[in-house]
Amino acid sequence: MADSSTISAATTRQPAASSSLSQVTTDAEKLAFIEEVTTNVDAVQERVLAVDRAASALLRPRGAAVADYTSRACVETAPGHYVIYWELEGFTITAAAKDVLDRCCLEMEEALGSVYRQSRVADGSVGPLEIRVVRPGTFEELADYAVSRGASVGQYKVPRCVTAPPDIDLLDSRVVSNHFSPALPHWVPRQQFQ
């Protein structure tokens, strides 16, 4: 996570030209998005429940399961979006399976809170949720890497939100397929009473 000096530098930099101003805005938006998804415990819990909902609805009837998962905020694209890394059991990636995984993305988005869905539908400030399926054994490798950096073998748990670049690099190097939400999640603006 960015420290306060990084946030301050990104938001108070004096632009030399209008293109610099848009870059400052983009940097500030990226930092705000990262902070939102990595420090908001409720948002992380929502993602945990969303993964379970998608797996129950679409994978279990096909004899498949999510062996393990983690997530992160992707700000390499604009707008930023959630990336969910899945290691699957009992599931082979075929053309038909790709459609199922795309629908899993939408199922997860439907399970996320109304603030997320508003950001996705009305504001356009969050891009489509992405599932990155990783090869079997990836989360064991992530655990081994954490232990090599000093984590306790007996107490290590897969983080539900990764932020460290080496962890992200390890996960990204083991991706076997990418899937995006094929549609916008359902969202209805609240009615205002007068």
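THR163 versus THR77, label points 7 Å from Cα toward the beta carbon: distance in nm?
2.3
Loop only per DSSP, at most 10 neighbouring Cβ atoms within 10 Å: give me the chymotrypsin sites (Phe, Trp or Tyr not before Pro) in the range 63-108, ordered by residue number. Walk me through the numbers on the way to the answer.
Working: sites: TYR69, TYR82, TYR85, TRP86, PHE91; in loops: PHE91.
In loop regions of the range 63-108 (DSSP not H, G, I, E or B), there are no sparsely surrounded chymotrypsin sites (Phe, Trp or Tyr not before Pro).
Obtain the nm distance between the two label points defined at GLN155 and ASP172 by a simple spin-label model: each point lies 7 Å from its Cα along the Cα-to-C-beta direction.
Placing both labels 7 Å along Cα→Cβ, they lie 3.1 nm apart.
Each value in this text was obtained by applying a stated rule to the coordinates, not by laboratory testing. No experiment lies behind these values; they were computed from the predicted model shown. Cβ: placed from backbone, ideal geometry, glycine included. Neighbour counts: every protein chain shown.
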